[in-house]
Amino acid sequence: MPVHNSDISDMLRKAADLLEIEGADEFRVRSYRQAARSIDNLTENLTDKVSDGEDLTGIPDVGESIAEKIEEIVKTGSLKQLEEIKKRVPEELADLLNLEGIGPKRAKEIYDELDVDSITDLREAVEKHKVREIEGFGKKTEEKIGRELERQSNQESRTLLSRAEEIAEPLLEYLNECKEADRIVIAGSYRRRKETVGDLDILATGEDEEAIANHFVSYEDVDEVIKKGEKRTSIRLKSGLQVDMAVLSKESFGAALIYFTGSKEHGIHLRERALARDLKVNEYGIFREGEDEPIAGETEEEMYEALDLAWVPPEMRENRGEIELAEKDNLPDLITLDDIKGDIHMHTTYTDGGASIREMAEAARDLGYQYIAITDHSKRVNVAGGLDADELAEQLKEIDELNDETDGIRILKGAEVDILEDGSLDLPDDILSRLDLRICSVHYHMDMDSDKQTERILKAMDNPWFDILAHPTGRLLQKREAMELDLEAIMDKAAEKKILMEINANPERLDLNDRNCKMAMERGLMISVATDAHSIGDLKNMKYGVYQARRGWLEPKNVVNTLGVDELLEHFGKNG
DNA sequence: GCCGTTTTCGGCCCGACTGTTTTCAGTCG
């Protein structure tokens, strides 16, 4: 079994959790977590680095000790130290840390006092009212744990960004009705445009904190008020989504916006940077030592400036090197929705789409696009009524006719060709050669082992008509894991063959993800951001693809469908 | 366990809220 970076970071995190429960030095625990996080942000494979004999201490937050541990994991597949800790602290005890309100100290108390070492045991202990008997615990704490156990068992812990938007927009509208609030914004991972959000973080400015908080908790969809303080209030909506609100003065709006937008790691990096300059950063502003008046705080820009940094777009605030770029004023000029000139992945009634070619074209024209590409499925996808060569040829005729009679949008000829099990493509070369562009993808046998799956795709890429690899990993958020494959090998070959990777903008796919997108960009690959629309409404999903592209640091020049139609055709013409 | 714009040793982000306590520890973001 190949060792993935995520296997290594998982082990380090597990070690951190168990060490923390055991009562190890908190900074040591933090080091393990930081190293794990840093490994997750790598765009290169640690297994390769180790076999190349590279010095791993060059990785941020990896020192000699953790470098040795990484090597051990790569070479043996396990970590002796972790196995040792597991003998002292039951592994499943770490699951308790996922419950809100339980941290390392309480997990240890529960284990020591009640011999509870799993979620199952804990549920039983709560039902028997054993937990409230522990010193420092009480009736309320036990009840809260009970509610958490209930909630965890019947619900996803994160919410798709698209779903979060459906919930946030009416809430925001309601909050804006509050006369006492001057300004209401949503921060957190929602503002960073992360593919899923854990909760919503809302910032409000205004003098009358209590009135604003009261308005908030009076929202009709509130299920439970989790906490209500002077400055912070948390509720849970009936949908299960938690919403936190902070009320503050407008003088500290920028500082609070940075603080509540996160990520946590980005914020910590900023505060450490401040410390090195004898400054203190908190959610109220930036302060010189011993002074009460902030030197910055009202806007994000002045906050970053006071730390000698350029303003960092929220999508990049993940502590993946953006602060170093901001220091050199060298941040990328991120792509925006306005840069997108066309959508080159969509389906019609020829296969499993809900609208005709004409309807899709007119809807796309209304969105301001110059072109679309029709890319219906090939015959292998029989559940969608995939097209064979003759049926596709019929479609090409209709596209020619429509282009003759339609103004304001160009309809390009394409197909989404299945990559078959043996690595061949599902349509013959002669029909592929008649298309403007071809996207290729895997829909069946996604569970092959990594070597075979990678081999399958690499072989398909030898076909000269392979233009774009669509939804490269096949994952569906919260439904299906990414396929096992060696994405680095695939991207290396794509670079060689000038094949593009897709960011599929469907909010359930968003595939490539942000890190893989950055990885592709660093290899010089071009990306297609496209919706895979199966209806007119789906065309509006483009924004989610653009968010993901921004999280992957993409500029317009990295994205093929920022090109005008002539340049786009020229681009794909070269491949053929 | 990591790291260096005073440091190779001695720091390590910072404040709000809750519950169970009589002054604060634990947790969270």
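The values are calculated or read from the model by the stated rules, or taken from the named source; none is laboratory data. Bear in mind the structure is a predicted one, so any value in this text is a computation, not a measurement. FYI the Cβ positions are ideal-geometry reconstructions off the backbone, even for glycines, and counts take in every protein chain you see. Calculation scope for accessible area: heavy atoms of the full protein, side chains included, ligands and nucleic acids excluded. Shrake-Rupley method; radii C 1.70, N 1.55, O 1.52, S 1.80 Å.
Remark: segment A:102-111, residue by residue, has Karplus-estimated 3J(HN,Hα) of 10, x, x, 5, 5, 4, 5, 4, 4, 5 Hz, where x stands for each Gly or Pro and the curve is 6.51 cos²θ - 1.76 cosθ + 1.60 at θ = phi - 60°. Taking the Cα centre of chain A as origin and assigning +1 to Lys and Arg Cβ atoms and -1 to Asp and Glu Cβ atoms, the resulting dipole is close to 800 debye. Expressed as a whole percent, the accessible surface of chain A that belongs to carbon and sulfur atoms is 43, based on a 1.4 Å probe. Net charge of the neighbourhood of A:Ile335, taken over other residues with C-beta under 10 Å away and scored Lys/Arg +1, Asp/Glu -1, is -2. Placing unit charges on the Cβ atoms only, positive for Lys and Arg and negative for Asp and Glu, gives segment A:252-327 a dipole magnitude near 280 debye about its Cα centre. Anisotropy class assigned to chain A is prolate, per the alpha carbon gyration tensor with a/c at or over the 1.5 cut-off and a/b larger than b/c.
By the gyration tensor of its Cα atoms, with a ≥ b ≥ c the square roots of the eigenvalues, what is the shape of segment A:252-327: rounded for a/c under 1.5, prolate for a/b over b/c, or oblate? Cα axes put segment A:252-327 in the prolate bin. Annotation: amide H of A:Ser378 within the under-5 Å range of A:Leu387, A:Glu416, A:Asp418, sequence separation 5 or more or interchain, hydrogens built in the peptide plane.
In chain A, helices alone account for a calculated mean residue ellipticity at 222 nm of -12500 deg cm²/dmol, with every DSSP H run of four or more residues adding -39,500 (n - 2.57). A cut-off of 5 Å between modelled amide H atoms, ignoring neighbours fewer than 5 places along the same chain, links A:Asp486 with A:Thr454. In this structure chain A gives 46 Å² per residue of accessible area when probed at 1.4 Å with all protein chains present. If you find the alpha carbon centre of segment A:494-564 and of segment A:303-318, how far apart are they in angstrom? Result: 24 Å between the Cα centres. Around the amide H of A:Leu200, modelled in the peptide plane, lie the amide H atoms of A:Gln242, A:Val243, A:Asp244, all under 5 Å away and 5 or more residues distant in sequence or on another chain. Of all DSSP beta bridges located in chain A, what percent are antiparallel, nearest 5? Around 45 percent antiparallel, to the nearest 5. Couplings 3J(HN,Hα) for segment A:453-460, derived from phi with the Karplus relation 6.51 cos²θ - 1.76 cosθ + 1.60 (θ = phi - 60°), are 4, 4, 4, 4, 6, 4, 5, 4 Hz, where x marks Gly and Pro. The alpha-carbon of A:Lys130 sits under 16 angstrom from the alpha-carbons of these lysines, leaving out residues fewer than 8 places away in its chain: A:Lys108, A:Lys139, A:Lys140, A:Lys144. Each Lys or Arg adds one and each Asp or Glu takes one away; over the other residues whose Cβ falls under 9 Å from the Cβ of A:Gln453, this sums to -4. Take A:459-471, A:282-294 and order them by the average number of nearby Cβ atoms within 10 Å per residue, most first; the result is A:459-471, A:282-294.
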